[in-house]
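First the structure, in the form of structure tokens, and then the observations on it.
The values are calculated or read from the model by the stated rules, or taken from the named source; none is laboratory data. Since this is a predicted model, take the numbers as computed values, not measurements. Don't worry about glycine lacking a Cβ; one is built from the backbone with ideal geometry, like all the others, and counts go over all protein chains shown. Accessible surface areas use protein heavy atoms only, side chains included; no ligands, DNA or RNA. Shrake-Rupley method; radii C 1.70, N 1.55, O 1.52, S 1.80 Å.
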Amino acid sequence: MTEGEKNYIQFVGDLIKNKRKSWRYSQSELGDILGISHAQIGYFEKGKSVPSILQIYKLKKELNITDLEMSDLFKDITYYGKVLKKKRLSSRT
């Protein structure tokens with residue numbers, strides 16, 4: 001994983017954590033709202049995992065993530081998704 005990919009994943013985690021705390025949700029409460037475990041929320045926040053597109057939309061609604069924040073997030077998802085796909089394809093040859 002490149003440094004840019006690590007930075008992106010951490011950006012996503014920091015955004016979720018900051019928004020969750022500003023709304024005063026615990027990881028368990030937010031996990032219940034999204035239908036996932038509190039541990040998964042922790043993985044997102046620590047940069048060990050990234051939410052799916054559906055989870056991102058749920059997060060946007062629940063945490064009042066702005067359109068600008070979403071735009072930046074999806075630009076990065078598209079870019080890193082292409083980079084990761086290229087890496088997977090090139091590793092098969």
- Message: open to solvent by 40 Å² or more (accessible area, probe 1.4 Å), out of contact with any Pro (no Cβ under 6 Å at 6 or more places or on another chain) and at pLDDT 85 or above: which single residue out of Lys60, Lys85 fits that description?
- Response: Lys60
- Task: Can you run down the residue pairs with Cβ atoms below 7 Å, 6 or more apart or on separate chains, where the first is in segment 1-25 and closer than 15 Å to Leu59 by Cβ and the partner is of a type in the set (Lys, Arg)?
- Result: Gly13/Lys46
- Message: Given the criteria loosely packed, with under 12 Cβ neighbours inside 10 Å, under 14 Å from the mean Cα position of the chain (by Cα) and at pLDDT below 95, does Ser91 qualify?
- Response: no
- Residues located in segment 18-33, provided they are out of contact with any Ser or Thr (no Cβ under 7 Å at 6 or more places or on another chain) and crowded, with 17+ Cβ neighbours inside 10 Å: Lys19, Arg20, Tyr25, Gln27, Leu30
- Message: What's the number of the only condition in (1) at pLDDT 95 or above; (2) open to solvent by 90 Å² or more (accessible area, probe 1.4 Å); (3) not charged (D, E, K, R) that Leu54 fails to meet?
- Response: (1)
